[in-house]
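The values are calculated or read from the model by the stated rules, or taken from the named source; none is laboratory data. Please read these numbers as outputs of a predicted model, since none were measured by experiment. Don't worry about glycine lacking a Cβ; one is built from the backbone with ideal geometry, like all the others, and counts go over all protein chains shown.
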Amino acid sequence: MYFSNHKPVKMTKSSAQQQSSFSKQQKKYICINCGHPIAELYRQYTNTAIKTSHCEKCHKVADKYIEFDPIIILVDAMLLSQESYRHMLHNRNFKLNWKLSLVLLLLESFALWRQKGIVSLQKDVLQHEIISEKGFYICCLQNMIDYVIITLILLIVACVQRPALISCTGINKFAVILLKAITIANLSKMFLLPLIVWRENTTDLGANIHQLLVLGHHLLALVYIYAIVGSFKKLQAFLIILPAFVVKEYIKSNISVYLEYYF
């Protein structure tokens with residue numbers, strides 16, 4: 001029997017770090033079905049022929065959305081598909097979504113600005129700052145503060161509840177992922193568009209019901225996507241999102257009064 005005389009080579013700290021970083025680079029995508037890290041989404045053999053990769057854990061197609069049109073992905077996200085959430089967060093360039101978030105910010109700000117103007121006219125109080133162009137910019141600032149507050153609250157909760165996940169991911173990277181998640185959840189605000197277009201054709205009760213349905217959809221989107229980002233169960237995510245949303249609304253209302261009074 002032949003025995004090798006070569007001794008096992010000890011891995012130095014630098015080589016271990018290089019191997020760890022190489023491993024992270026190799027596992028930079030995730031399976032949209034189970035969230036397991038994967039090395040690649042597909043293999044391209046020719047310009048027109050690709051083969052999608054399968055997950056080592058669940059043995060399903062790792063990411064079916066790589067062959068889908070972005071519009072279909074956005075529609076699935078608005079239908080609260082967790083697979084589309086994982087795809088948009090980890091497996092896709094997010095530039096289109098940043099642009100879409102800007103459009104949604106303007107849409108939500110216009111809806112808020114119009115609602116305040118209607119309330120002001122119904123009360124026979126002509127507040128020029130609210131119904132003027134300046135009021136629209138104040139509404140935009142309020143909504144941006146809204147995004148920042150909810151992101152900070154959920155980041156603090158994740159740091160307390162999931163310290164191992166934060167240390168593994170890195171707080172800066174996790175904060176960016178969480179901001180992306182909030183952006184995707186804000187796709188619910190797209191449902192405000194019918195209310196803006198056909199506001200004159202509905203009653204105040206119908207408008208309130210419409211806004212309540214949009215709010216419910218937005219809360220569900222926050223619960224679903226925060227469960228993915230923070231590795232929570234849906235019930236745990238709901239018990240976090242609901243009080244966080246209440247606290248955010250309380251802070252936002254106080255800031256809104258300050259902005260409208262001083263600006």
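When you look at Ser253, is it under 30 Å from Phe174 (Cα atoms), assigned to a helix (DSSP H, G or I), of a type in the set (S, T, N, Q) and modelled with pLDDT under 85, yes or no? Spelling it out, Ser253 is indeed under 30 Å from Phe174 (Cα atoms), assigned to a helix (DSSP H, G or I), of a type in the set (S, T, N, Q) and modelled with pLDDT under 85. When each of Tyr250, Tyr224 is tested for being of a type in the set (Phe, Trp, Tyr) and within 30 Å of Pro37 (Cα to Cα), the lone residue that passes is Tyr224. How about the range 126-239: which helices (runs of 4 or more DSSP H) wholly inside it have at least 2 residues that are acidic (Asp, Glu)? It comes to 133-161.
Residues that are surrounded by fewer than 19 Cβ atoms within 10 Å (Cβ to Cβ) and either of a type outside the set (Lys, Arg) or assigned by TED's automatic domain parsing to the domain that holds Gln82 (or both) within the range 229-244 comprise Ser231, Leu235, Gln236, Phe238, Leu239, Leu242, Pro243, listed in sequence order. Being without any contact (Cβ under 8 Å) to a residue 12 or more places away in the chain and either crowded, with 18+ Cβ neighbours inside 10 Å or more than 30 Å from Tyr137 (Cβ to Cβ) (or both) is true of Ser81.
For first residues located in the range 145-160 and within 16 Å of Ile177 (Cβ to Cβ), partners that are among the aromatic types (Phe, Trp, Tyr) and assigned to a helix (DSSP H, G or I) and lie 6+ apart or on another chain with Cβ distances below 8 Å form the pairs Ile150/Phe245; Leu154/Tyr226; Leu155/Phe174; Ala158/Phe174.
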